[in-house]
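Only one structure is covered here, and it is reproduced in the block below.
The values are calculated or read from the model by the stated rules, or taken from the named source; none is laboratory data. Predicted model only: the values in this text are computed from it and were never measured. For neighbour counting, all protein chains shown are included, and Cβ atoms are generated from backbone atoms with ideal geometry for every residue, glycine included. Keep in mind that these areas ignore ligands, DNA and RNA; they rest on the heavy atoms of the full protein, side chains included. Shrake-Rupley method; radii C 1.70, N 1.55, O 1.52, S 1.80 Å.
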Amino acid sequence: MRPTNEALILVDLQYDFLPTGMLPVAEGDQVIPIARQLMPDFQTVVATQDWHPADHGSFAANHPWRKPGQVIELHGLQQVLWPIHCVQGSFGAELVDDLDQGKITAIFQKGTDPTVDSYSGFFDNGHRNSTGMAEWLKEKGIDTIYVMGLATDYCVKFTVLDGLGEGFKTYWIKDACRGVEMNEGDIERAFAEGVEAGAELISSDDI
Ligand code: VGL
Ligand code: ZN
């Protein structure tokens with residue numbers, strides 16, 4: 001069992017990010033067994049959940065003539081447009097069911113404001129509103145986080161960067177993540193950015 005100052009953060013382990021989902025991440029399903037293996041070792045397991053209203057501004061379908069993959073300016077921020085995904089209450093937004101939900105201590109939902117996207121589990125992309133996750137972790141005496149999930153080059157990366165910004169010792173479990181790789185090299189660049197910011201890359205075998 002890991003010490004009480006450590007938490008495992010499961011980023012967006014939701015059906016829409018599996019290879020069969022609306023925003024498919026290649027091999028995304030392969031991280032699920034790793035989550036199942038790691039969860040019993042941690043006394044605190046936190047899950048983030050992408051949780052969009054149907055009118056969310058990150059959906060290409062909500063902008064005339066726009067297609068997924070295009071980039072627009074959304075209320076002053078650069079926004080990649082995505083297929084409709086993780087709509088509140090839909091099947092695709094559910095956390096993958098073969099995780100032991102009883103081991104998940106808390107769930108933090110993000111992306112609920114239609115005007116701004118939220119890749120990080122801590123803050124929206126404009127860093128204006130917090131999900132409360134940092135405060136919650138600190139209140140529990142947690143100073144060290146282990147981050148895994150989907151997608152490496154978006155939600156996992158920004159969760160890692162914000163975790164570091166919030167002062168957590170941050171381990172990034174490399175083999176327990178998969179990315180979108182919209183452009184070749186995005187995944188490797190994401191890991192490099194994390195390391196540059198102070199994250200330590202580890203393998204699930206090291207835990
Ligand atoms: C994500 C794009 C849009 C993610 C969520 O979980 O990485 N990516 N919404
Ligand atoms: Zn999203």
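Worth a mention:
- Flag if ALA47 is in contact with a Leu (Cβ under 8 Å, 6 or more places away or on another chain), open to solvent by less than 70 Å² (accessible area, probe 1.4 Å), closer than 26 Å to LYS174 by Cβ and more than 14 Å from ligand 1 (Cβ to nearest atom): no
- Considering residues of region 111-145 that are of a type in the set (A, V, I, L, M, F, W, C) and either at pLDDT below 95 or surrounded by 24 or more Cβ atoms within 10 Å (Cβ to Cβ) (or both) only, the residue farthest from ligand 1 (Cβ to nearest atom): LEU137
- Considering region 146-188, and only residues there that are buried (at least 24 other Cβ atoms within 10 Å of the Cβ) and among the hydroxyl-bearing types (Ser, Thr, Tyr), the residue that is farthest from HIS85 (Cα to Cα) turns out to be TYR146.
- Looking at GLY179, GLY163, GLY149, just one residue is more than 16 Å from ligand 2 (Cβ to nearest atom) and among the small types (Gly, Ala, Ser), and that residue is GLY163.
- Scanning region 50-59 for residues that are over 16 Å from the mean Cα position of the chain (by Cα) and open to solvent by 10 Å² or more (accessible area, probe 1.4 Å) yields PRO53, ALA54, ASP55.
- The sole residue among LEU23, LEU18 that is farther than 14 Å from LEU99 by Cβ and within 16 Å of ligand 2 (Cβ to nearest atom) is LEU23.
- Filtered residues of region 98-130 (kept if outside any strand (DSSP E or B) and within 18 Å of MET148 (Cβ to Cβ)): ASP98, LEU99, ASP100, GLN101, LYS103, ILE104, THR105, TYR119, SER120, GLY121, PHE122
- If you go through region 70-107 and keep only what is more than 16 Å from ligand 2 (Cβ to nearest atom), over 30 Å from PHE42 (Cβ atoms) and open to solvent by less than 70 Å² (accessible area, probe 1.4 Å), you end up with just GLY76.
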